[in-house]
1. Rounding to the nearest 10 and keeping the result within 0 to 90°, find how far the Cα-based axis of helix 58-74 lies from the longest principal axis of the chain.
2. Suppose R0 equals 25 Å. What FRET efficiency, 1/(1 + (r/R0)^6) with r the Cβ-Cβ distance, do ALA116 and GLN16 give to the nearest 0.05?
3. Tell me, what is the FRET efficiency for THR149 and LYS100 to the nearest 0.05, using R0 = 30 angstrom and their Cβ-Cβ distance as r?
4. Report, to the nearest 10°, how far helix 107-119 tilts away from the longest principal axis of the Cα atoms in the chain, using its own Cα long axis and a range of 0 to 90°.
5. Round to the nearest 0.05 the FRET efficiency obtained for ARG166 and LYS41 when R0 = 35 Å and r is the Cβ-Cβ distance.
6. Among VAL64, SER110, ALA127, whose Cα projects farthest towards the positive end of the dipole of the stretch 49-131, with charges put on the beta-carbon of Lys, Arg (+1) and Asp, Glu (-1)?
7. Return one quarter of the surface area of the convex hull spanned by the alpha-carbon atoms of the stretch 15-101, equal to its mean projected area, in nm².
8. Can you give me the Cα centroid spacing of the stretch 91-149 and the stretch 1-70 in angstrom?
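Every number here is computed from the coordinates shown, using simple stated rules; none is lab data. Everything numeric in this text was worked out from a predicted model, so none of it was measured. Glycine gets a Cβ as well: all are built from the backbone with ideal geometry, and neighbour counts include every protein chain shown.
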Amino acid sequence: MAQASSFDVTTGVDLQEVDNAVNQAQKEITQRYDFKGSPAKIELQRAENKIILEAEGDYKIAAVLDVLQSKLIKRGVPVKNLDIGEIKQGGGETVRREIKLKMSLDGETSKKVVAAIKDAKMKKVQASIQGEQVRITSPSKDELQDVMTLLRSKDFGVELKFGNYR
């Protein structure tokens, strides 16, 4: 029997790059004319994998989010992995917005990945959910490449990463 090859499908963001982007965005906000005297700030909470935005008013919080997203894109962080929350009233005249970073595949996304592979009806390709990742196995490395192409062509709401290829 031929040796089965496999790879893992996961997702996540590089927290160091997120930290760098947050620092760059905070620096730009302090230097921009339209934010002079404004209590706008961006805070990364690494332990909880989330970013807190704070500004005065909906317009300014949208501008802060725009600055942050542009810095994340420049640093190669997938913006698809941001779960942007609702605008909530903060202390005084400020508003807050919480952004959660998607660091792993949730159960629903994993099921969608497995379903997409099964719908493609590829022979001898097996997909199994293993915690926060999906393992794809097949005796043919060419079919594994086809699975990667298929998964890249679909939108699962997060940026997929392929690793542990053997």
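1. 50
2. Working: r = 31 Å, r/R0 = 1.24.
Step by step, r from the Cβ atoms, then E = 0.20.
3. 0.55
4. So the inclination is approximately 40 degrees.
5. Working: r = 45 Å, r/R0 = 1.28.
Using R0 = 35 Å, I get an efficiency of 0.20.
6. It is ALA127.
7. Values: hull surface 20.9 nm².
Spelled out: convex hull of the Cα atoms, projected over all directions, averaged, 5.2 nm².
8. Here the two parts' Cα centres lie 23 Å apart.
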